[in-house]
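Contents: one structure, followed by commentary.
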Amino acid sequence: MNIVELKETFIGLYGDDTQAIYKFFSPGRVNLIGEHTDYNGGYVFPCALSFGTYLLVRKNNSRRIRLATTNFDHRAEVNLDSPFEKEGKSWFNYPVGVLNELRNVAKEIEGVDLLYSGDIPNGAGLSSSASIEMVTAFAMNQIFGFGLDRWEMVKISQKAENVFVGVNCGIMDQFASGMGAKDHALFLNCDTLEFKKVPLVLEGMKIVIANTNKRRGLADSKYNERRAQCESAVEAIRTKKQIRYLSDLNLEEFNTLSHLITDEIERKRAKHVITENSRTLTAIEALNEGDIKTFGILMNQSHDSLKEDYEVTGKELDTLVDEARKIEGTLGSRMTGAGFGGCTVSIVKEHAVESFIAGVGKGYTDRTGLKADFYVAEIGDGSKEII
Ligand code: GLA
């Protein structure tokens, strides 16, 4: 991202002024394993990417907040003396949702001009929305001295998405964007919110992200549906055993109690969550021991469970994964994020990355008629001010 050019764009939009322009960044994320477990009180293992959303901010001494982005030809304005309204499917619902949530926790915002710029593909399941939310919370906190800590900002951002935007997401994406650490993955227990930064030592290997470029139609409603199915499975288990989340059960307990979930689909959803938690724990142990081969096998199993039991993959993601597994030098490949389109993440031997991109790209186009994009991931830091 060229910050100098971005500053020029800012001045072009809002005019020159003596007030300082502050610059911030929050990353997107890729989740290595632990999918659809966060809202079930389970384990996740994401890392922050080096790409995400930049935000330039300047106070404007008025009661207006003006918003613009370099990603779309669309601008917006909200008035601090009126309630903030959600506007259809507008991109601005993410930042305005965060501003709204900050007001709800009694934080006094003043007029500012905002320019966003993302270098992360939109709607690709790499958490562009969480990066927009987190950069907004982080910037406002810094500029107005709210004194919020990172966890508070993460929770405000998640709430903005749940309540204002209307997607019942878990905490993983905002957490990864806010807490990311260069060259580390983050092992989070979504129940206790305890987390550990785990060094990502992948000698001679790369993390390759492949974008299906399939628009995730109806993804939000299907996501909310999965969440409701898990809650219903919890209710069924509660007729015999008091649990708060599906993740309160280990595999053995689940096998004993699963018959209580009489709806077959809900039983499959629950099975995914419980097996995914156990895969995630084993994968982190394997990584700590430098056993990337086992880590890769668990990634493969995670995808298969998301395909068969959670049913959130679809033809495009399955094709990318299938093609990836054909390449000599792929250790593991799976969908990442919510699913229904979006991206896969693979661990690939460094010498095979080129043939991976060529081979998977060709196979994918031949079979789907779509063109995939590939990124060799660099793992970066969480939300920060750019000085
Ligand atoms: C989306 C949500 C996350 C998480 C993942 C699936 O990215 O925002 O909270 O539930 O899907 O693991």
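Each reported figure results from applying straightforward, stated rules to the coordinates on display, with no laboratory input. Treat the numbers as computed from the prediction; the structure is a model and nothing was measured. Virtual Cβ from ideal backbone geometry, glycine too; neighbours counted across all protein chains shown.
Would you please give the FRET efficiency between GLU152 and THR9, computed as 1/(1 + (r/R0)^6) with r the Cβ-Cβ distance and R0 = 35 Å, to the nearest 0.05? With R0 = 35 Å, the Cβ-Cβ based efficiency is 0.70.
For the Cα atoms of the chain, what angle does the longest principal axis make with the long axis of helix 3-14, in degrees from 0 to 90, nearest 10? Result, in degrees: 50.
Around LEU49, what is the net charge, scoring Lys/Arg as +1 and Asp/Glu as -1 over all other residues with Cβ under 13 Å from its Cβ? Local net charge: -3. Between the alpha-carbon centres of region 348-387 and region 187-217 there is a gap of 14 Å. Please identify the trypsin sites (Lys or Arg not before Pro) of region 65-94 that satisfy two criteria: DSSP loop assignment and at most 11 other Cβ atoms within 10 Å. Which are they? For trypsin sites (Lys or Arg not before Pro) across region 65-94 that sit outside H, G, I, E and B with at most 11 neighbouring Cβ atoms in 10 Å, the list reads LYS89. Extents of region 3-199, largest first, come to 46, 34, 32 Å (Cα atoms, principal axes, whole angstrom). For region 3-199, averaging the sequence separation of C-alpha pairs within contact (under 8 Å, six or more residues apart) and dividing by the residue count gives a relative contact order of 27 percent.
In this structure the amide hydrogen of GLY52, modeled in the peptide plane, comes within under 5 Å of the amide hydrogens of GLY28, ASP119, ILE120, none closer than 5 places in sequence on its chain.
How much length, in nm to one decimal, is gained on full extension between HIS74 and ASP381, taken as 0.36 nm per residue of separation minus their Cα-Cα distance?
Values: separation 307, 0.36 × 307 = 110.52 nm, distance 2.90 nm.
Length gained between HIS74 and ASP381: 107.6 nm.
Computed from Cα atoms, the angle from the helix 128-144 axis to the main principal axis of the chain rounds to 40 degrees. Applying 0.36 nm per residue to the separation of ASN189 and HIS259 and subtracting their alpha-carbon distance, the gain on full extension is 22.5 nm.
Label positions at LYS59 and LYS240, each projected 7 Å from the Cα along the C-beta direction, are separated by 6.2 nm. For region 273-296 and region 16-66, compute the distance between their C-alpha centroids and round to whole Å. Rounded to whole Å, the Cα centres lie 28 Å apart.
Where nothing but the Cβ of Lys and Arg (+1) and of Asp and Glu (-1) is charged, how large is the charge dipole of the chain around its Cα centre, in debye to the nearest 20?
The dipole magnitude comes to about 340 debye.
About the centre of its Cα atoms, region 230-387 shows a dipole size close to 260 debye [charges on the beta carbon of Lys, Arg (+1) and Asp, Glu (-1) only; nearest 20 debye].
Over 32 Å between C-alpha atoms is what I'm after, so list which of LYS159/LYS241; LYS182/LYS268; LYS23/LYS155 land there. Kindly include the intermediate steps, with their values, before the conclusion.
On the way: LYS159/LYS241 30 Å; LYS182/LYS268 36 Å; LYS23/LYS155 22 Å.
Table pairs above 32 Å Cα-Cα are LYS182/LYS268.
Can you sort ASP149, ASP191 so the residue with the fewest Cβ neighbours within 10 Å comes first? If you can, show how the numbers build up before the last one.
On the way: ASP149 9, ASP191 15.
By the 10 Å Cβ count, ascending, the order reads ASP149, ASP191.
Computed from backbone phi with θ = phi - 60° and the Karplus coefficients 6.51, -1.76 and 1.60, the 3J(HN,Hα) list for region 110-115 is 10, x, 9, 9, 10, 10 Hz; x is used for glycine and proline. Helix 292-308 axis versus longest C-alpha principal axis of the chain: approximately 90°, rounded to the nearest ten.
The relative contact order of the chain, computed from alpha carbon pairs under 8 Å that lie at least 6 residues apart in sequence, is 24 percent.
Hand me the GluC sites (Glu not before Pro) from region 281-363 located in a DSSP loop with no more than 12 other Cβ atoms within 10 Å, in residue order please. Walk me through the intermediate numbers first.
Values: sites: GLU285, GLU289, GLU308, GLU311, GLU316, GLU323, GLU328, GLU350, GLU354; in loops: GLU289, GLU311, GLU328.
Sites meeting the loop and neighbour criteria: GLU289, GLU328.
Grab the Cα-Cα distance for THR275 and PHE144, subtract it from 0.36 nm times how many residues apart they are, and report the gain in nm with one decimal. Contour length minus Cα-Cα distance gives 42.7 nm. Each of LYS362 and GLU225 was given a label point 7 Å from its Cα along the Cα-to-Cβ line. The distance between the two points is 3.7 nm.
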